[in-house]
Amino acid sequence: MKTAYLLMLAISLALAACQNNEAPAVKQAGPTATAPQAAEPAMQQQVQKQVQEKVEQVTGAASNAVEVTKEAVATTAKSMQEQVSQANEKRAAVVEQLSATSVAPAAKPVAPATTATPIATSAPQAAATGDVAKGKALSRKCQACHNFTDKKKVGPGLAGVYNRKAGSMADMKYSDALTAGTWSWDAEHLAAWVCDSKAAVKTFSGNPAATTKMTTLRICDPTQQGDLIAYLKTL
């Protein structure tokens, strides 16, 4: 009996020893299996925090850039408005100066019309005794635009021009004033014409807006006019 008791006690002690040896193994396995799982949430939180910080930095930089851009645009717009205002003030000053200086000469354009009339009145008398040779020399001023035949050039041919009706040569393109002209090229009209054709066409037509393609010769001396008309009579 005593031997059996001792045997059973030995077995019990052996089982207890086995149980004591297994327990630490379970305790060691627990921490090593769950450590990665415990560390994973902490790493995620750290990454999220870093991402959030970067987002905040980028957002702050973008906001600052927007504010700087708004301020620059506002400054530029204000500067441009000031420049436009200064330019308008300068332009107004120039217009005012031009207006002040242009008032006095306003009556001058009518002077040529009054110049042609007294010169023309003495031309018929000079034409009666004019020097044909001198008139032919003066006619060189006409040859750039006129032939001394009945053939047209830039202007109508001058053969037969004396006492010919204004604007009557065939196939010529006259100005409206000459086409509708009712005068003839006698000594009086020719004298005024060779002095200032631009003023004469307004006087002859009675239209202050009348024009002519004829250039102004400025042969205004009555003696020279008589010489030229004396030559034109011979054509």
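The values are calculated or read from the model by the stated rules, or taken from the named source; none is laboratory data. The model shown is predicted, which means the values in this text are computed figures rather than measured ones. Every residue, glycine among them, receives a Cβ derived from its backbone with ideal geometry; neighbour counts consider all protein chains shown.
The figures follow:
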| quantity | calculated |
| --- | --- |
| Enumerated helices (runs of 4 or more DSSP H) restricted to segment 139-223, each holding at least 1 residues that are among the aromatic types (Phe, Trp, Tyr) | 187-195, 197-205 |
| Residue list for segment 142-193, restricted to those being over 21 Å from residue 205 (Cβ atoms), over 42 Å from the mean Cα position of the chain (by Cα) and surrounded by fewer than 19 Cβ atoms within 10 Å (Cβ to Cβ) | 143, 147, 148, 149, 150, 151, 152, 157, 159, 160, 170, 171 |
| Residue within segment 118-132 that is at pLDDT below 90 and assigned to a loop (DSSP other than H, G, I, E, B) present | yes |
| Number of the exception - residue 134 against (1) among the basic types (Lys, Arg); (2) in contact (Cβ under 8 Å) with a residue 60 or more places away in the chain; (3) over 19 Å from residue 233 (Cα atoms) | (3) |
| Given (1) surrounded by fewer than 16 Cβ atoms within 10 Å (Cβ to Cβ); (2) of a type outside the set (Lys, Arg); (3) within 20 Å of residue 149 (Cα to Cα), index of the condition residue 214 fails | (1) |
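Residue-by-condition table, conditions (1) among the basic types (Lys, Arg); (2) in contact with a Leu (Cβ under 6 Å, 6 or more places away or on another chain); (3) at pLDDT below 70:
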position: 34; (1), (2), (3): no, no, yes
position: 42; (1), (2), (3): no, no, no
position: 87; (1), (2), (3): no, no, no
position: 91; (1), (2), (3): yes, no, no
position: 96; (1), (2), (3): no, no, no
